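The values are calculated or read from the model by the stated rules, or taken from the named source; none is laboratory data. The structure presented is a predicted model; accordingly, all values stated were derived computationally and were not measured. With ideal geometry, Cβ positions are generated from the backbone for all residues, glycine too; neighbour counts draw on all protein chains shown.
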Amino acid sequence: MYKKLQFVFICILLFSLLSGCTGKSTMNVNESQNGTSVDLQTGDMLVITLEGNPTTGYQWEMLPNTDGVVELQGDPEYKSGGNLVGSGGKYSFNVKAVKAGTTRVDLKYYRSFEADVPPIQTFSIDITVK
């Protein structure tokens with residue numbers, strides 16, 4: 001009986017250690033974290049969620065980031081906040097921590113067809129990846 005319990009304990013311990021080795025986690029941020037900083041580990045995901053309304057012609061866009069510390073994963077997602085035509089919702093950007101370093105992620109809320117008009121809103125967050 002003791003050997004069976006010991007075996008089960010070792011299996012649970014090994015499973016816990018192996019599943020914990022990935023260290024991957026997801027951090028969620030929104031407008032309230034604009035201008036702040038976050039710390040991530042390589043492989044972690046940062047989900048940036050911002051309110052917007054594409055029916056007004058405005059859209060959130062992540063500005064190019066070429067230092068390779070983080071990468072945008074896929075296209076931004078938009079989820080409507082209601083069933084009414086013209087109701088706003090939330091944009092989500094999935095950003096993956098790729099390598100150690102520091103970087104800044106900048107987003108703008110603008111109309112792509114108004115080239116000479118500055119964005120009506122911006123979002124920035126400093127990221128340190130360890």
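Can GLY88 be described as of a type outside the set (Val, Ile, Thr) and on the phi > 0 side of the Ramachandran plot? Write out each step before concluding.
On the way: of a type outside the set (Val, Ile, Thr): yes; on the phi > 0 side of the Ramachandran plot: no.
For GLY88, the condition - of a type outside the set (Val, Ile, Thr) and on the phi > 0 side of the Ramachandran plot - is not met.
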Point to revise | Yes/no for SER32 being modelled with pLDDT of 95 or more and loosely packed, with under 10 Cβ neighbours inside 10 Å | key: yes
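Sort out which residues of segment 49-76 are among the hydroxyl-bearing types (Ser, Thr, Tyr) and assigned to a loop (DSSP other than H, G, I, E, B), and write them in order of number.
Taking segment 49-76 and keeping what is among the hydroxyl-bearing types (Ser, Thr, Tyr), we get 49, 55-56, 58, 66.
Matches in segment 49-76: TYR58, THR66.
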Practice item. Confirm whether LYS24 is under 16 Å from the mean Cα position of the chain (by Cα) and modelled with pLDDT under 95. Key: yes
Check your understanding: What's the number of the condition GLU77 fails, among (1) buried (at least 16 other Cβ atoms within 10 Å of the Cβ); (2) modelled with pLDDT of 95 or more?
Key -> (1)
Review point. Which members of segment 108-128 meet the condition of being assigned to a loop (DSSP other than H, G, I, E, B) and among the basic types (Lys, Arg)?
Key: ARG111
Exercise for review: Please determine, by comparing only the residues of segment 95-113 that are of a type outside the set (Ser, Thr, Tyr), in contact with a strand residue (DSSP E or B) (Cβ under 9 Å, 6 or more places away or on another chain) and under 21 Å from ASN53 (Cβ atoms), which one is surrounded by the most Cβ atoms within 10 Å (Cβ to Cβ).
Suggested key: LEU107
Review point. Which one is surrounded by the fewest Cβ atoms within 10 Å (Cβ to Cβ) among residues in segment 35-48 that are in a loop (DSSP other than H, G, I, E, B) and among the small types (Gly, Ala, Ser)?
Key: GLY35
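Identify, please: which residue in segment 50-74 is surrounded by fewer than 15 Cβ atoms within 10 Å (Cβ to Cβ) and of a type in the set (Ser, Thr, Tyr) and is, among those, nearest to the chain's Cα centre (by Cα)? First the steps, then the outcome.
Within segment 50-74, the subset surrounded by fewer than 15 Cβ atoms within 10 Å (Cβ to Cβ) is 51, 54-57, 63-64, 66-68, 71, 73-74.
Now restrict to residues that are of a type in the set (Ser, Thr, Tyr): 55-56, 66.
Details: THR55: 24, THR56: 24, THR66: 17 Å.
So, considering only residues that are surrounded by fewer than 15 Cβ atoms within 10 Å (Cβ to Cβ) and of a type in the set (Ser, Thr, Tyr), the one nearest to the chain's Cα centre (by Cα) is THR66.
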Practice item. Search segment 51-70 for residues that are modelled with pLDDT of 95 or more and pair each with any residue that is of a type outside the set (A, V, I, L, M) and assigned to a helix (DSSP H, G or I) when their beta-carbon atoms are under 9 Å apart and the residues are at least 6 apart or on different chains. Key: GLU51/GLU31
Review point. For the subset of segment 77-107 comprising residues that are of a type in the set (Gly, Ala, Ser) and part of a loop (DSSP other than H, G, I, E, B), which member is nearest to GLY35 (Cα to Cα)?
Key: ALA100
